[in-house]
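A short worksheet on the structure shown next.
Please treat every number below as a calculation from the coordinates, not as lab data. As the structure is a computational prediction, the values presented were derived from the model and not from experiment. Because the Cβ atoms are built from the backbone with ideal geometry, glycine has one as well, and the counts that use them run over all protein chains shown.
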Amino acid sequence: MWVNELKIALATGDLKTIEKIVSETPEFMTLEERREAAFLIQNAITQFESKKRATLEEMAQIKKNLQFIRSIARPSSKKLDITS
């Protein structure tokens, strides 16, 4: 049951469900179950790391976009310019 739930969460990329399932890891009876669980948990870690990298890249792009917008924005003066 646990293995199937984790497989489904990994297939759908549902990180919250993956986190919940992994935090409730049961005791495994056989070596094969332990190996399969270790493999699935490694896949979960890979998905989290991938999402983390993507988030960092998105944040860097947002920062560049903000810098660009600020660089082309007209500086506003709080004084009334009556000379022009």
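Helix 31-72 and the longest principal axis of the C-alpha atoms of the chain enclose an angle of approximately 0°. Taking R74, R35, R53 in turn, the Gaussian network model of the chain (Cα-Cα springs below 10 Å) assigns the largest fluctuation to R74.
Entry note, the chain: relative contact order of 26 percent, from Cα contacts under 8 Å with a spacing of 6+ residues.
For S71 and K16, a Förster radius of 30 Å and the Cβ-Cβ distance give a FRET efficiency of 0.20, rounded to the nearest 0.05.
Estimated purely from DSSP H runs of n ≥ 4, each contributing -39500 (n - 2.57), the mean residue ellipticity at 222 nm for the chain is -25500 deg cm²/dmol once divided by its residues. Please build a GNM for the chain, connecting alpha carbons under 10 Å apart, and tell me which residue among S71, S50, S23 fluctuates the most. Between S71, S50, S23, it is S71 that shows the largest mean-square fluctuation.
Mind checking which of T55, T30, T46 has the largest fluctuation in a GNM of the chain, springs on alpha carbons under 10 Å? With Cα springs under 10 Å in the chain, the top fluctuation among T55, T30, T46 is at T30.
Here the chain is treated as an ellipsoid with the same Cα gyration tensor; its semi-axes, largest first and in whole Å, are 53, 11, 8.
By the beta-carbon count within 10 Å of each Cβ, the least crowded to most crowded order of T12, T83, fewest first, is T83, T12.
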